[in-house]
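The values are calculated or read from the model by the stated rules, or taken from the named source; none is laboratory data. Here the structure is a predicted model, which is why all the values come from computation and not from measurement. So basically every Cβ, Gly included, is an ideal-geometry build from the backbone, and we count neighbours across all protein chains shown. With ligands, DNA and RNA removed, areas are computed over all heavy atoms of the protein, side chains included. Shrake-Rupley method; radii C 1.70, N 1.55, O 1.52, S 1.80 Å.
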Amino acid sequence: MLKLDYEMKNNLTISAARKGLASGEFSSFELTKYYLDKIEQNVDLNAFVTIDREKSLLAAQKADKEIAGGTDLPLLGIPIAIKDLFCTNGIRTTACSKMLYDFVPRYESTVTQNLLNDGAVFLGKTNMDEFAMGSANITSCFGPCFLPFRKKSNPTSKLVPGGSSGGSASSVASDLCVAATASDTGGSIRQPASFSGLVGIKPTYGLCSRWGMISFASSFDQAGPITKTVEDAGIMLKSMAGFDPKDSTSANTNIPDYQKCLGRPIKGLKIGIVAEFMDGLSQENLELIERACSWLKDNGCEIIDLSLRTIPYALPAYYIIAPAEASSNLARYDGVRYGYRADGCKTVDELFVKSRSEGFGEEVKRRIMTGTYVLSAGCYDAYYLKALKIREIINIDLQTNAFSKVDAILLITTTRTAFSIEESNNMTPIEMYLSDVFTVTANIAGLPGISIPVGLSDDGLPMGVQLIGNKFQEEILFRIAYVLEKCANFRELKKSILVEDTVYNE
Ligand code: GLN
């Protein structure tokens, strides 16, 4: 039986697990078994969609042998969870779509291979919005996924962890794993991290290989981690990132040791506050940003007011370009080569139509239709081409009016805290899309963005702030995030969150 104290049990970080494994306090097998049992006890959260207990335990045993033999790898023996968007060799990968319900890849995505090379043990695949399209994890073919905590004002209503990487966020927040991988096309790492009181970083486009990641919108998709601390995010990202000749958009750049840069003074760094990101913020959000600004000032940063007039166009441009790319990427699911195939079709046309009608869910179909429309001959110039131009203008605006003056931009991660399942089900698609208003800019411009939990709402729910940096400036983001994390002392704040007894069992 694994002996962990309460804090270790519910807050085990990569760095703490590494120490525990090295000192022989526990083995990887014990830790992996502990998590697998805890996942079983918490199936109601619906955080995992595929588990291979035997495989995970075998990997843990192998890690234990390596540890005993003196091997030292950054993630050796650490149990982590994988978003079901990453192809895992021999383990079902569905993107939480009926279309790929039985798909078992015969290859490993580069990101997961990098993690395996660094010794990580995979616990299973996590729930997500279908093909990563959504902001609440309610479009999964496996059903919604939930957070382990509740609103103070409505303790009976279940909360969703945000999306699309909801299962990854929920599994880390419920401590069903040490850390998790996620992906971010328009906010799917940062929004769930913010809802769940966790750290999430979407790196610069090109830092993590997209090879073996099921595509949604290829010019935006990026992998990144969701973790309990900034330090863990640094460790995970270092492992996940790296040049990959199999991805033509992969960046051939040196990946710094992010962990080592933590704690370096941030004195003299310039932080931008963009007027357009502050427009119409709730009182709670305004106060959170003000508090973060004063912490940064206390640490010697200079706060600089900026205006970026193109920012309001980021969301509309995203919701044109992303569906356009999705409609093209998802054209491959035609019922012929792989994926779901409808029964009893007499013609090829019927096979295409029925397979796609039955295999895709509502939201995915909506994106395919929107994307097909904006790419159609009569609409291409008016929508798709215009959106591409807007994307370029936003890039120029950010470089000339922000990053020539500041090292990073500070803004809120999300307009609201975690939604209840009822609220999510009642939201219109547009209302759901609007919840990405603060996250899409980083994707539009290919910039790194990190969300750090720094406060609790009046209703007792986690609130995150976001930092956006210039390309390949992750190190600066980690250094600032580390300071914010210390000042906020979220680990302490977290103790007052209303949690379900089943999750944090004694
Ligand atoms: N919520 C956004 C969307 O639905 C972003 C999704 C994502 O980042 N994968 O498009």
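See the values below:
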item	result
Prolate/oblate/rounded call for the range 25-176, Cα gyration tensor, a/c under 1.5 rounded	oblate
Exposure rank, largest accessible area first [ARG367, ARG309, ARG341; 1.4 Å]	ARG309, ARG341, ARG367
Fully extended contour minus Cα-Cα distance, from GLU431 to TYR101, at 0.36 nm per residue	115.9 nm
Links that overshoot a 28 Å alpha carbon limit, given the list LYS270/LYS471; LYS202/LYS297; LYS151/LYS260	LYS151/LYS260
Simple Cβ-charge dipole of the range 360-480, Lys/Arg +1 and Asp/Glu -1, about Cα centre, in debye nearest 20	480 debye
Full-extension gain in nm, TYR380 to ASP72, via 0.36 nm per residue minus C-alpha separation	105.5 nm
Accessible-area order (highest first, 1.4 angstrom probe) of the listed residues GLU130, GLU54	GLU54, GLU130
Diffusion constant of the range 349-506 at 4 °C, which comes from Stokes-Einstein with the Kirkwood Cα-pair radius and 1.567 mPa s, µm²/s	67 µm²/s
Selected from ASN89, GLY455, LEU147, residue furthest toward positive end of dipole (the chain; charges at beta carbon)	ASN89
Heavy-atom surface of the chain, accessible at 1.4 Å and reported per residue (Å²)	38 Å²
Lys/Arg +1, Asp/Glu -1 at C-beta; the range 366-471 dipole; positive extreme among GLN399, THR417, TYR380	TYR380
Amide proton proximity set for PHE48, modelled H, under 5 Å, gap of 5+	ASN127
Most to least accessible of GLU392, GLU276 (protein chains only, probe 1.4 Å)	GLU392, GLU276
Separation between Cα centres of the range 299-377 and the range 120-175, rounded to whole Å	22 Å
Residues LYS389 and CYS345, FRET efficiency given R0 of 30 Å [Cβ-Cβ distance, rounded to 0.05]	0.10
In Å², nearest 10: area of ARG18 left accessible to a 1.4 Å probe	70 Å²
Exposure of ILE78 as accessible area (Å², to 10), given a probe of 1.4 Å and all protein chains	0 Å²
Helix-only [θ]222 nm of the chain, DSSP H runs n ≥ 4, -39500 (n - 2.57) each, per residue, nearest 500	-11000 deg cm²/dmol
With 20 Å bins from 0: P(r) over the chain, alpha-carbon pairs, percent	25, 59, 16, 0
Cross-link partners of LYS152 among lysines (Cα-Cα below 27 Å; sequence separation of 8 or more within a chain)	LYS9, LYS38, LYS228, LYS486, LYS494, LYS495
Sequence-separation-based contact order of the chain, relative, with Cα cut under 8 Å and 6+ spacing, percent	17 percent
TYR384 accessible area, assembled protein chains, probe 1.4 Å, Å²	40 Å²
Cα→Cβ-extended label distance, 7 Å offset, between SER153 and GLU302, nm	4.1 nm
The chain - percent of accessible surface contributed by carbon and sulfur, probe 1.4 Å	53 percent
Relative packing of 171-180, 279-288, which averages over residues the other C-beta atoms within 10 Å, highest first	171-180, 279-288
FRET efficiency, LYS405 to ASN489 (Cβ-Cβ, R0 41 Å, nearest 0.05)	0.85
Gain in span if fully extended, LYS19 to GLU422, counting 0.36 nm per residue against the direct Cα distance	140.9 nm
Size of electric dipole in the chain: Cβ of Lys, Arg +1 and of Asp, Glu -1, about Cα centre, debye, nearest 20	620 debye
Whole-Å distance, taken between Cα centres, linking the range 242-266 and the range 451-478	19 Å
Length-normalised contact order for the range 264-360 - Cα pairs under 8 Å, 6+ apart - percent	25 percent
Given charges at Cβ of Lys, Arg, Asp, Glu: the chain dipole, positive-most of ALA169, GLY24, LEU198	GLY24
